[in-house]
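Coordinate-derived values only; no laboratory data. Predicted model only: the values in this text are computed from it and were never measured. Glycine gets a Cβ as well: all are built from the backbone with ideal geometry, and neighbour counts include every protein chain shown.
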Amino acid sequence: MTKNSESNAAARNIPERIDALRKAFGSDLAILAHHYQTDAVIRHADLRGDSLELSRRVPELSARHIVFCGVFFMAESAALLASGGQESHIPDPAAGCVMSQMAPHRLLEAVYARVTASGRRVVPLAYVNTSAAVKAVVGRHGGAVCTSANAATMLRWALERGDAVLFLPDRNLAANTADAIGLDPAERHVLDVRGGGTRVDTAAAEGARLLAYPGCCAVHARFNAAQVAAARKAHPGCSIIVHPECAPEVVRAVDASGSTSAIIRHVAQAPDGATVIVGTEINLVRRLAAEQAGRVTVLPLAESGCSNMARITETNLLALLEALRGGRAEPVRVAPDTVRHARAALERMLEACS
Ligand code: SF4
C-alpha cells in the first residue's frame with residue numbers, strides 16, 4: 001500500500017473510528033451539535049439543538065466529557081453550566097463567532113462606563129452569542145442574558161429595571177425585538193463603539209431607552225429585502241421565515257421570524273405541498289429540505305454559511321476524541337470569578353422566563 005492510499009484509507013475510516021471511540025466512552029461522553037453543523041458532524045451527535053438548549057441539558061447529562069460541536073462561546077456556555085466533574089471540549093477552539101467577537105469584554109466595560117457616567121441606571125442585556133467574559137460583565141452590572149426566542153420577554157424585563165437597556169451585540173436582534181414589543185423608534189439609539197468607546201454620543205444615548213451595540217451576524221446580514229421579493233415572485237403562495245438576526249427590513253418583509261427552533265417548528269407545521277423559504281444558515285436549511293422531501297418544499301432565501309461553524313469537521317472531532325482517550329485533551333476553562341458573574345446573568349434569564 002502506498003503512503004497516499006494509506007492516508008485515503010485512514011480518512012475513509014474516520015466515521016467508523018469515531019463510532020468505535022463513542023462506544024468505548026459509553027455514557028462518559030456526550031457529543032452535542034448545533035443545528036448549523038454539517039450532516040457529517042451531526043450524525044455523530046447525541047443531542048442536537050440551538051446553543052442554549054444544548055448547554056441547559058449539560059448538567060442533567062451523566063457524561064463527564066462534553067464535546068460541543070459549534071463555536072467557542074457555546075462550549076464556554078456549556079462549561080458555565082456544567083456540574084462538578086464535567087468538562088467541556090470543542091474540536092477546534094479557533095471556531096469563534098464573528099458576532100460575539102465584535103463585543104470584547106473590555107470594550108463593553110468602556111462603553112458601559114460612558115453610558116452610565118451621568119448616573120443613569122442602564123441594564124445590560126447580552127444575547128447568548130457572547131463570551132463568558134462579556135456575560136460576566138453583564139452579570140456584575142445587574143443585567144441578564146437572552147436568546148432569540150426570549151428576547152422580547154427579556155427586553156421588557158430589562159426596561160422595567162432601569163432608565164435604559166444596553167442590548168448587545170446584535171443591532172438587528174435589538175431592532176427586531178424593539179419592533180416586536182412596540183418600542184418607539186425615537187427611543188432607540190445605535191451606539192458608535194469605535195475608538196475604544198470614546199466615540200459614544202453620550203447626549204444621544206441619554207435620550208434613548210434602548211442602546212443597541214452595533215454588532216451583527218455575518219451569515220444573517222447577507223439576506224436582503226430584494227431576495228424576499230424575488231422569492232415571492234418565483235414561488236407564489238410560499239411562506240418565508242427568517243432568523244431575527246436578519247436586518248429589520250427583511251424581517252418586516254417576510255411572513256415570520258424566529259429562532260432556529262421556531263424555524264424548525266414552522267417547517268414541521270407547514271401543510272402538505274407547501275413551499276417554505278428559509279433565511280438562515282445553509283446547513284440547517286439543507287437538512288430541513290432533506291427531512292421534508294416529498295411533503296414540503298424547503299428552499300434557502302439565499303445560500304449563506306457560517307465559516308466558523310464549518311471549522312468543526314469529522315477529522316478534528318476524531319482528533320479530539322483520540323486526545324480525550326489518551327488524557328491529552330485540554331478542556332475549555334473559565335475563571336471562577338467569571339463563572340460566578342456570568343452564571344448570575346444566565347440565572348436572571350432563567351428566572352424571568354420560568
Ligand atoms: S451563524 Fe452568525 S451568530 Fe451563529 S456562530 Fe456564525 S457568525 Fe456567530
Would you mind ranking CYS238, CYS216 so that the residue whose beta carbon has the fewest other beta carbons within 10 Å leads the list? CYS238, CYS216
Let me know the charge dipole size of the chain about its Cα centre in debye, to the nearest 20, where only the beta-carbon of Lys, Arg (+1) and Asp, Glu (-1) is charged. 260 debye
Output the 0 to 90 degree angle, nearest 10, between the alpha-carbon long axis of helix 260-269 and the longest principal axis computed from the alpha carbons of the chain. 70 degrees
Using only the Cα atoms of the range 99-218, what do you get for the radius of gyration and for Dmax, in Å? 12.5, 35
Please state, rounded to one decimal and in Å, the Kirkwood hydrodynamic radius that the range 154-249 gives when every pair of distinct Cα atoms enters the mean of 1/r. 14.8 Å
Which of the trypsin sites (Lys or Arg not before Pro) across the range 265-354 are loop residues per DSSP, with 14 or fewer other Cβ within 10 Å? ARG295, ARG328, ARG333
Expected-Rg normalisation [2.2 N^0.38 Å, Cα atoms] applied to the range 196-287: 1.36
How would PHE72, PHE25, PHE223 line up from fewest to most surrounding beta-carbon atoms within 10 angstrom? PHE25, PHE72, PHE223
Considering the chain, what Rg and Dmax in Å follow from its alpha-carbon atoms? 21.3, 74
Could you line up LEU107, LEU320 from fewest to most neighbouring Cβ atoms inside 10 Å? LEU107, LEU320
